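Engineer: Could you have a look at this structure, given as structure tokens, before my questions?
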Amino acid sequence: MKIKNNIFPRLNTLPLKYFLPAFLAAVFATQCANTCAQTSVSPVQILTNAAQLRALSLEEAERKLPVQLHAIVTTVDPAHSIFIQDETGGTFIRQLTADRALTSGEIIEVKGVSYPGFFLPGINPEKITSLGRGELPAPQPVTLDDLFSTRFHYQRVQVRGIVRSITPAPEQSRIFLKLAMGSRQLEVQILTPTAINLPPLINAKVRIVGLAAGYLNLKRQLIAPHLIVSQLEDVHLESRPKVSAFDMPFSSFRELLNFDPAGVTSHHVRVRGVVTHQQPGEAIFLREGEFGLLVQTAQTGIVRPGDIVEAVGFPVMGRFSAYLEDADFRKVGSEPAPQPVPTTLAQVLQGTNDVNLVSMTGQLLEVLENDNATTLVLRSDENVWRARLPRASLSLRNGSQLRLTGVCLAEETALASQAFRANPRTIELLLRAPSDIEVISMPSWWNAQRLAVAVSLLLGFGMVALFWILMLRRRVARQAEVIREKAQREATLEERHRMAREMHDTLAQSFSGLGFQLDALQVGLPPEADVARQRLETARQMVRHGQEDFRRSLMNLRAQELERGDLNEALPEFARHILTGTGIELTCDISCPPRDLSESVENNLLRIGQECLTNSMHHGRPKKITVSLSRNNGFVQLRIADDGVGFEPEKLQRPAHGHFGWRGIQERAEQIRGNVELKSQPGRGTVVTITVPI
């Protein structure tokens, strides 16, 4: 089998011990390439060429499949990877500590296992054997679209373009070169720490041979391709600029990227204008006549508005207007600072004065701040736009009418297919300093926010007033009800007092007079009138019983204890009064005292309590009496307990003389819809509980 001379042309110069293994390996590799190139392999099969590695999926590569292949080293990127290529494609060897560093053009045999890599599978080496040296594979001419397609990733390729810029990066041991390929650009990394012996390449047309690589994301996707060049000799100069940069004829701002029968140039151009604004190290803004121009430059020299500047750069189409990229500039004179062009938002949105110094008016809607900039949000003609300046402390009120001076930048472009026109859709005004802000008028104090607050406060006060009126009406109604009840109660008491006084003055006096007459009659009876004396004594007892009953009726009518206070005060006072001097211990427990009880309930409960206390004192011979009055869950409860001799409650049900007190207690309880409970045992005391619903 014939070996391709472009890969192994120098094998015949090697000793036999190197030639024979290399020859056999090449034959084996060629056979494998003819039979299974570009195909997947089974996990047990040894991978013998780059195409088999490149065809592995991520999951297959992670299985550490065995690899044994022969290839030539194309590029060595220190501290990263070793890139190799055979007849089927390119791959890489994971950089590990080795006894000897490999170099470009070295033929090797590598044994190891598959390694998933960040983008395509490579080799995790176990053993690397050098088989001599050979010529590098011929580079494949590619376009930028070819590089984006990833077909040539980690293979030697060749590109052509115009050099835009050269940036040495000694800390990364490489030089970064920006290459324009049509309307797009490609980054080229030359693996040399300095630009010594580098020919003048800016604006030159070059052909570059290198390794196709790129920047990746975590999803194993290619973000931007770049080229890795091992040596300066791989950069080939094809044509130089005819004149130096600042000796070129001037181009007007208006002519940049206009129609040209020969085609729009990809080389740099020279312009001249007056500075309107500068962002040091980033850009300067120039004006020529009535047109503005953005010049992007990394130069840090300071220029001021009014300085006349010459700039050399590459024309590029921006969002709406052409601008210069990768430019150099120099100051050649100065004149008075240019004045802003008065304009309106409607005129700007028609495509005039993009990248020019203008003045516009608008109503301030909001001020936004971040670490680097302050942004004003404004409104003009029902359209919203923005103005931005370096971070500053501004005392502006929302709603103020402002006049702003700055560089107008088109943010978005609207395409009108009918008229073949493109107009700015939104704009941003780039302010130079806070002095570019002029307040025309302050907003009215009565803005929408304050009006909303005032209306809210009025509604709140109205609701509070309405609530207060409702509460006041309820309170007045309750007080009126209390007054009516009090007036009715006082009228009732007054009527009862009047009746008591009249009964006292009439019936009571009559009973008293009758008693006196009967006493006098008894004294005047002769001794032998026993029958008359006996009947007279009966009449006297009847008069005394009538006087006692009449006295009780008067007591019920007057209710003198309740005249001095309510039940909560009258009952304990009565208990202390009748037990004074008896030696009986009294305990009064008024918990959650009931208030506003009806007169009937208070009077009957007082009389029931009096009757119970009197019975306990006269019949029970107690040492201690407890009086409890409480209110709970819509009921008022009176409880009178003693530790006296007690009795059998069944005796109260037997017909006998003298149980009128207990019968009166039950009758009074029925009048107020109360329930009476009696508990007593001989020697265990007595407890009477009256529960009345409120």
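Engineer: If Val264 meets every condition in (1) open to solvent by less than 40 Å² (accessible area, probe 1.4 Å); (2) aliphatic (A, V, I, L, M); (3) over 21 Å from Pro199 (Cα atoms) apart from one, which number is that one?
Structural biologist: (1)
Let's see how each residue does on (1) β-branched (Val, Ile, Thr); (2) more than 23 Å from Ser230 (Cβ to Cβ); (3) modelled with pLDDT of 90 or more:
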site	(1), (2), (3)
Leu56	no, yes, yes
Lys64	no, yes, yes
Phe83	no, no, yes
Ala98	no, no, no
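Engineer: Please pick out the residue among Ile440, Ile469, Ile483 that is surrounded by 10 or more Cβ atoms within 10 Å (Cβ to Cβ), of a type in the set (Val, Ile, Thr) and modelled with pLDDT under 90.
Structural biologist: Ile483
Engineer: When Leu293 is evaluated against the numbered criteria (1) open to solvent by less than 30 Å² (accessible area, probe 1.4 Å); (2) in a strand (DSSP E or B); (3) farther than 19 Å from Arg388 by Cα, which criterion, by number, is the only one it fails?
Structural biologist: Going through (1) open to solvent by less than 30 Å² (accessible area, probe 1.4 Å); (2) in a strand (DSSP E or B); (3) farther than 19 Å from Arg388 by Cα one by one, Leu293 breaks only (3).
Engineer: For the condition under 30 Å from Ala311 (Cβ atoms) and either among the basic types (Lys, Arg) or touching a Ser or Thr at 6+ places or on another chain (Cβ under 7 Å) (or both), what is the one hit in Arg151, Arg174, Arg156, Arg220?
Structural biologist: When all the criteria are applied, what remains is Arg174.
Engineer: Restricting to the stretch 611-629, what's the tally of residues that are farther than 12 Å from Leu579 by Cα and open to solvent by less than 30 Å² (accessible area, probe 1.4 Å)?
Structural biologist: Adding up the residues that qualify gives 5.
Engineer: Any residue that is within 21 Å of Gln185 (Cβ to Cβ) and among the acidic types (Asp, Glu) - is there at least one of those in the stretch 227-237?
Structural biologist: yes
Engineer: Got a number for residues in the stretch 252-283 being in contact (Cβ under 8 Å) with a residue 24 or more places away in the chain, closer than 27 Å to Arg432 by Cα and part of a loop (DSSP other than H, G, I, E, B)?
Structural biologist: Counting residues in the stretch 252-283 that are in contact (Cβ under 8 Å) with a residue 24 or more places away in the chain, closer than 27 Å to Arg432 by Cα and part of a loop (DSSP other than H, G, I, E, B) gives 2.
Engineer: Something else about it: Which one of these does Gly105 not meet: (1) open to solvent by less than 30 Å² (accessible area, probe 1.4 Å); (2) under 18 Å from Gly89 (Cα atoms); (3) of a type outside the set (Val, Ile, Thr); (4) in contact (Cβ under 8 Å) with a residue 60 or more places away in the chain?
Structural biologist: (4)
Quick grid of which residues meet (1) open to solvent by less than 80 Å² (accessible area, probe 1.4 Å); (2) closer than 21 Å to Gly292 by Cβ; (3) modelled with pLDDT under 90:
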residue	(1), (2), (3)
Gln350	no, yes, yes
Ala387	yes, yes, no
Thr405	yes, yes, no
Thr413	yes, yes, yes
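Engineer: Since Leu324 meets every condition but one in (1) more than 19 Å from Arg388 (Cα to Cα); (2) without any contact (Cβ under 8 Å) to a residue 24 or more places away in the chain, which condition does it not meet?
Structural biologist: With (1) more than 19 Å from Arg388 (Cα to Cα); (2) without any contact (Cβ under 8 Å) to a residue 24 or more places away in the chain applied to Leu324, the lone miss is (2).
Engineer: What are the pairs with Cβ atoms under 9 angstrom where one residue, in the stretch 53-80, is in contact (Cβ under 8 Å) with a residue 60 or more places away in the chain and within 18 Å of Gln155 (Cβ to Cβ) and the other, located anywhere, is in a helix (DSSP H, G or I) and hydrophobic (A, V, I, L, M, F, W, C)? Sequence gap at least six, or different chains.
Structural biologist: Matching pairs, first to second residue: Leu53/Ala61; His70/Ala22; His70/Ala25; His70/Ala26; His70/Phe28; His70/Ala29.
Engineer: Does the stretch 204-237 hold any residues that are more than 41 Å from the chain's Cα centre (by Cα), among the small types (Gly, Ala, Ser) and more than 22 Å from Ser104 (Cα to Cα), and which are they?
Structural biologist: Listed by number, the list holds a single entry, Ala204.
Engineer: Same structure, new question: Go through (1) at positive phi; (2) not in a strand (DSSP E or B) one by one and return the number of the condition Ala346 breaks.
Structural biologist: In the conditions (1) at positive phi; (2) not in a strand (DSSP E or B), Ala346 misses (1) alone.
Engineer: Ok, one more. If you check Ile166 against the conditions, is it in contact with a strand residue (DSSP E or B) (Cβ under 6 Å, 6 or more places away or on another chain), open to solvent by less than 20 Å² (accessible area, probe 1.4 Å) and either of a type outside the set (Gly, Ala, Ser) or at pLDDT below 90 (or both)?
Structural biologist: So Ile166 fails the test.
Engineer: Do you know which residues across the stretch 56-80 are in a strand (DSSP E or B) and open to solvent by 20 Å² or more (accessible area, probe 1.4 Å)?
Structural biologist: Result: Pro66, Gln68, His70, Val76.
Engineer: Among the residues of the stretch 187-208, how many are surrounded by fewer than 20 Cβ atoms within 10 Å (Cβ to Cβ) and touching a Pro at 6+ places or on another chain (Cβ under 7 Å)?
Structural biologist: Here the count works out to 4.
Engineer: Could you please find all residues in the stretch 196-220 being within 21 Å of Gly313 (Cα to Cα) and assigned to a loop (DSSP other than H, G, I, E, B)?
Structural biologist: Listed by number, the residues that qualify are Leu198, Pro199, Pro200, Leu201, Ile202, Asn203, Ala204.
Engineer: Pick out, from the stretch 401-461, the strands (runs of 3 or more DSSP E) lying fully within it that include 1 or more residues that are over 23 Å from Gln279 (Cβ atoms) and of a type in the set (Phe, Trp, Tyr).
Structural biologist: Where strands (runs of 3 or more DSSP E) fall fully within the stretch 401-461, none carries at least 1 residues being over 23 Å from Gln279 (Cβ atoms) and of a type in the set (Phe, Trp, Tyr).
Conditions tested, residue by residue: (1) at positive phi; (2) surrounded by fewer than 17 Cβ atoms within 10 Å (Cβ to Cβ); (3) at pLDDT below 85.
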position	(1), (2), (3)
Leu227	no, no, no
Ser230	no, no, no
Leu237	no, yes, no
Phe253	no, no, no
Asp260	no, yes, yes
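The values are calculated or read from the model by the stated rules, or taken from the named source; none is laboratory data. Computed from a predicted model, the values in this text were never measured in an experiment. When we count neighbours, we look across all protein chains shown, and the Cβ atoms used for this are built from the backbone with ideal geometry, even at glycine. Just the protein is used for accessible areas: all its heavy atoms, side chains included, with ligands, DNA and RNA removed. Shrake-Rupley method; radii C 1.70, N 1.55, O 1.52, S 1.80 Å.
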